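Read the structure below first, then the notes.
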Amino acid sequence: MSIFEYNGSALVAMVGKNCFAIASDRRLGVQLQTIATDFQRISKIHDRLFLGLSGLATDAQTLYQRLVFRHKLYQLREERDMKPETFANLVSAILYEKRFGPYFCQPVIAGLGDEDKPFICTMDSIGAKELAKDFVVAGTASESLYGACESMFKDDMEPEELFETVSQALLSSVDRDCLSGWGGHVYVVTPTEVKERILKGRMD
Amino acid sequence: NCGSALTKMSRRYDSRTTIFSPEGRLYQVEYAMEAIGNAGSAIGILSKDGVVLVGEKKVTSKLLQTSTSTEKMYKIDDHVACAVAGIMSDANILINTARVQAQRYTYAYQEPMPVEQLVQSLCDTKQGYTQFGGLRPFGVSFLFAGWDKNYGFQLYMSDPSGNYSGWKAAAIGANNQAAQSMLKQDYKDEITREEAVQLALKVLSKTMDSTSLTSEKLELAEVFLTPSGNVKYQVCSSDSLSKLLLKFGVTQPAAETS
């Protein structure tokens, strides 16, 4: 089994009209055994920037802690929050530092940039960025997610419709993947508020 | 004043930081403290519900580019801030060092660095410059204000020697002895944050060289707990500060009567 499939994960981020959604599954497993059904894969960097990390859970935790370190110092020195594009560059640089002994993670970054423009991107485990205008996916369920998102996605969805679309795409994809699932965690972020919701899906 | 007590003989012993004088003094450290005695003053006061820091801005000119950055107060981490007196460029290095140390602790232990440990860690850095390397000490004194879950609100003062101690009220920079004795008279143990602000502004207005106090010459910051229980470091805006100066009656020049 590949090291990227050891814990199991599913991540998706989608762009809407002046908003974005980022969603993950909740399963933490050790190969075939499920050991947690409330695992947080998405973390807040600041009010308008979220990071999801799929792949090996220990690397996801450590990578997140290193990024908080860097972002906190950035905030203190620059006296402002990091823009999503800048943060993506930082993540990419940190991953490439470990080019020959990488973190076994695939990050998904979603945020609101200048003028509240939504920004999403993903990258591979050594920092190759993939910017997308519509959606990005990661994790063991990524192939199903690609298909689900491609068929369900529409441009300029309002927050409520975006939530429905992301949720349906996530749940239908993780149901086809034995290593991810046990519910979902969805964040819908607009310039004024962050709505966090838990999804109940097939609990297996 | 230790400067005037030095004789010609002692000139032999001040060229290197890493040696003692015959009387057992470290002259470079004392000269560093001289430098701070000429810099803008800062006062810190510990209260039941927060710590107050007030600083005097020495450089005020119409030509200065306006910025939202502060000159005397700096945030080290979400739960610790400091006020500075002395050589600003030296201070910037130490502030950066303190910030990195705080983040390194949080990275290792996943919780905020206890205030005293942060102060101690920075003071250990400062001490190194009085014993190794042949480099001069930093010409900065700090007032650290912070909160942690072990000891609540705390105020620490540190100097170029790397010495530090916890205080209920302290002053650094120009006229710090006068300010310290005024604080000793008027400080009460059960002082509230608002009373502490008033006391700090009053003491600063009396010890500052300038005749009138305006919000351009001052900086005021507070470390306190929000209703939700989080530590907050807040710098007072220029407008609020002007209002406070009026409210406490410290804004008039010495010649005028209210």
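Where a number appears in this text, it was derived from the coordinates with a stated rule and is not lab data. Bear in mind the structure is a predicted one, so any value in this text is a computation, not a measurement. Here Cβ is always computed from backbone atoms with ideal geometry, including for glycine, and neighbour counts include all displayed protein chains.
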For region A:17-66: rounded, prolate or oblate by the Cα gyration tensor [a/c cutoff 1.5]: oblate
The local net charge around A:LEU11, scoring Lys/Arg +1 and Asp/Glu -1 for residues other than A:LEU11 whose Cβ lies under 11 Å from its Cβ, equals 0
Using a 10 Å Cβ count of at most 13 others and DSSP loop calls, identify the longest part of chain B lacking such GluC sites (Glu not before Pro). B:24-189
Mean separation of Cα contacts under 8 Å (6+ apart) over length of region B:136-258, as relative contact order %: 17 percent
Rg to Rh ratio, chain A, alpha-carbon atoms and Kirkwood radius? 0.94
At 1.567 mPa s and 4 °C, Stokes D of the protein assembly as shown from Kirkwood alpha-carbon radius, µm² per second: 51 µm²/s
Debye log10 I(q)/I(0) for region B:79-151, one point scatterer per Cα, at q = 0.11, 0.12, 0.17 Å⁻¹: -0.28, -0.33, -0.65
About its Cα centre, how strong a charge dipole does region B:151-258 have in debye, to the nearest 20, once Lys and Arg get +1 and Asp and Glu get -1 at the Cβ? 120 debye
Please report the Cα spread of chain B along all three principal axes, rounded to whole Å, starting with the longest. 54, 53, 40
Charges on Cβ only, +1 for Lys and Arg, -1 for Asp and Glu, centred on the Cα centroid of the protein assembly as shown; of A:SER173, A:TYR74, A:CYS19, which one is farthest towards the dipole's positive end? A:TYR74
What list do you get for B:LEU245, B:LEU213, B:LEU53, A:LEU90 if you sort them by fewest beta carbons within 10 Å? A:LEU90, B:LEU245, B:LEU213, B:LEU53
Shape parameters for region A:24-100, alpha-carbon atoms, Rg then Dmax in Å: 14.2, 46
If you filter region B:66-153 for chymotrypsin sites (Phe, Trp or Tyr not before Pro), then keep DSSP loop positions with at most 14 other Cβ within 10 Å, what is left? B:PHE132, B:TYR151
Filter the GluC sites (Glu not before Pro) in region A:96-168 down to the DSSP loop ones having no more than 13 other Cβ atoms within 10 Å, then list what survives. none
Looking at region B:50-118, which trypsin sites (Lys or Arg not before Pro) are DSSP coil and have at most 16 other C-beta atoms within 10 Å of their C-beta? B:LYS57, B:LYS62
State, to one decimal in nm², a quarter of the convex hull surface area for the C-alpha atoms of region B:43-93, i.e. the direction-averaged projected area. 4.6 nm²
Count charges around A:THR165 for me, please; just the other residues with Cβ under 15 Å from its Cβ, Lys/Arg as +1, Asp/Glu as -1. -4
Plugging the Cβ-Cβ distance of B:GLN234 and B:PHE132 into 1/(1 + (r/R0)^6) at R0 = 45 Å yields, to the nearest 0.05, a FRET efficiency of 0.70
Per residue, how big is the convex hull around the C-alpha atoms of region B:153-222? Give it to me in cubic angstrom, could you? 110 Å³
Once you mark the trypsin sites (Lys or Arg not before Pro) that are in a DSSP loop and have at most 16 other Cβ atoms within 10 Å, what is the longest gap between them in chain A? A:18-79
With the cut-off at 1.5 for a/c, could you classify region B:123-258 from its C-alpha gyration tensor as rounded, prolate or oblate? oblate
Using 5 Å bins from zero, what percent of all Cα-Cα pairs in region B:14-116 falls into each bin? 2, 10, 15, 17, 17, 16, 12, 8, 3, 1
Any chance you could list the semi-axes, whole Å, largest first, of the equivalent ellipsoid that the Cα gyration tensor gives for region A:103-204, using √(5λ)? 21, 19, 13
Note: region A:53-159, point scatterers on Cα, Debye, no solvent; log10 I/I(0) at q = 0.15, 0.16, 0.24 Å⁻¹ equals -0.70, -0.79, -1.37
Whole-Å distance linking the alpha carbon centroid of region B:12-80 with that of region B:103-159 is 14 Å
Which whole-number percentage describes the relative contact order of chain A, with Cα contacts under 8 Å and a sequence gap of 6 or more? 30 percent
